[in-house]
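Every number in this text was worked out from the coordinates using simple rules, so none of it is lab data. Bear in mind that the values here come from a model prediction, so they are computed numbers and not experimental data. Every residue, glycine as well, gets a Cβ built from its backbone with ideal geometry; the counts of neighbours run over all protein chains shown.
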Ligand code: BGC
């Protein structure tokens, strides 16, 4: 848009007017017309990640980088990606947001550390006229609606929980002799939960169990605990539970794949033969999880479409940058949300996912 002003207006005007117009443009650029002091025309995206060490988030960041490269060659124009690691610290992230704005980023893409703190970022972005796209860690609706140029790109936490629970229910009902080790008709389980307060931890935990009980299977929870999305923490929890409950555990539900892989690490450590393992299910469909499905260690997972989400972020950012209606670029719900669907993955349909992962 700034480029259009320069090229269409200046050449046709007389010298004096031209000088005034140039001065006015310079002042506008300096005085917070969008808060931007840049004169180059390339899209500059500021991306703040809550933690680069998180497996799923690092996959999403790679997807975004790759899509940006593809888009650059398609449109023949540079797109600058500034990526920061907030290292689990909301104060650090606020500083990074300030720097992105000071460096003239055109759109902010924010993966909140503390998803309850989005209001401050929306207000800062609005003051600079810089659209903001939150992703993966869902801010409260009230915060998202503070400004018309604030958006969320993600996948429904309820849906992922329900699909995971359905996987367990179907397997249990198809082969009770294999999974109901105690033969009491009750499904004894442990739950590995993600970070407390994260929408995916709360809702996956709730909706997975709801899908099983709504399907008519009685459940008994032996243990639950957070392992903060983390493989090593999950392995440590699982070791304790194996010691306490032994083979009473019939199903291990994990809020994500990394923690399911941690449970697999713990079970492998025991040397127990695979045919005696409990059913283990995760969510994300990361490459190592798909390998574990192939190896028969992980019963199933649910695809959290990182590429689809990265693609939606980029399309939305480009539309906002070009001053286009975002609803024309992505499927926008309630003017602020873009939802990507989840998909179940088991050994039966694994080949389709291995090709694309
Ligand atoms: C993913 C987890 C990830 C978390 C980070 C979730 O949607 O399933 O693997 O750790 O997001 O916020």
Here, residue 240 and residue 346, labelled 7 Å along Cα→Cβ, have an inter-label distance in nm of 3.2 nm
Tilt, helix 231-245 to longest principal axis of the chain (alpha-carbon atoms), in degrees rounded to tens, equals 20 degrees
Here the percent of antiparallel bridges among DSSP beta bridges lying wholly in the chain, to the nearest 5, is 10 percent
Working note, the range 71-137: Cα radius of gyration (Å, one decimal) and Dmax (Å, whole number) are 12.7, 39
One finds, for residue 91 and residue 127 with R0 = 22 angstrom and r their Cβ-Cβ distance, a FRET efficiency to the nearest 0.05 of 0.70
Note on the range 121-172: alpha-carbon gyration tensor, axes a ≥ b ≥ c; rule is a/c under 1.5 for rounded, else prolate if a/b larger than b/c, else oblate; result prolate
Checked the range 228-297 with the C-alpha gyration tensor, a ≥ b ≥ c its square-rooted eigenvalues, rounded below a/c of 1.5, otherwise prolate if a/b is larger than b/c and oblate if not; verdict oblate
Contact order relative to length for the range 59-197, counting C-alpha pairs under 8 Å separated by 6 or more residues, stands in percent at 14 percent
Expected sort for 211-221, 51-61, 333-343 on mean C-beta neighbours within 10 Å, highest first, is 51-61, 333-343, 211-221
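So for each of 243-255, 298-310 I average, over its residues, the number of other beta carbons within 10 Å; can you give me the resulting order with the highest mean first? Could you put the intermediate results ahead of the total?
Working: 243-255: 20.5, 298-310: 23.3.
Those peptides, ordered most packed to least, come out 298-310, 243-255.
Using Cα-Cα distances under 8 Å and only pairs 6 or more residues apart, what relative contact order does the chain have, in percent? Numbers along the way, then the final one.
Values: 652 pairs, mean separation 56.2, N = 357.
The value is 16 percent.
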Taking Cα atoms only, helix 90-102 is inclined relative to the longest principal axis of the chain by an angle, in degrees rounded to 10, of 30 degrees
Across 180, 200, 276, the residue with the highest GNM fluctuation in the chain (Cα network, 10 Å cutoff) is 276
For the chain, the longest principal axis of the Cα atoms and the Cα long axis of helix 15-30 enclose an angle in degrees, to the nearest 10, of 30 degrees
Mean Cβ-within-10 Å packing, highest first, puts peptides 266-275, 97-106 in the order 97-106, 266-275
Sorted largest first, the Cα spans of the range 220-261 on the principal axes come out in Å as 24, 17, 15
Rounded to the angstrom and largest first, Cα extents along the principal axes for the chain equal 91, 37, 34
Projected onto their principal axes, the Cα atoms of the range 158-304 stretch, largest extent first, over whole-Å spans of 35, 34, 28
CD proxy, 222 nm, the chain: helix-only mean residue ellipticity via -39,500 (n - 2.57) per DSSP H run with n ≥ 4, per residue, nearest 500, stands at -15000 deg cm²/dmol
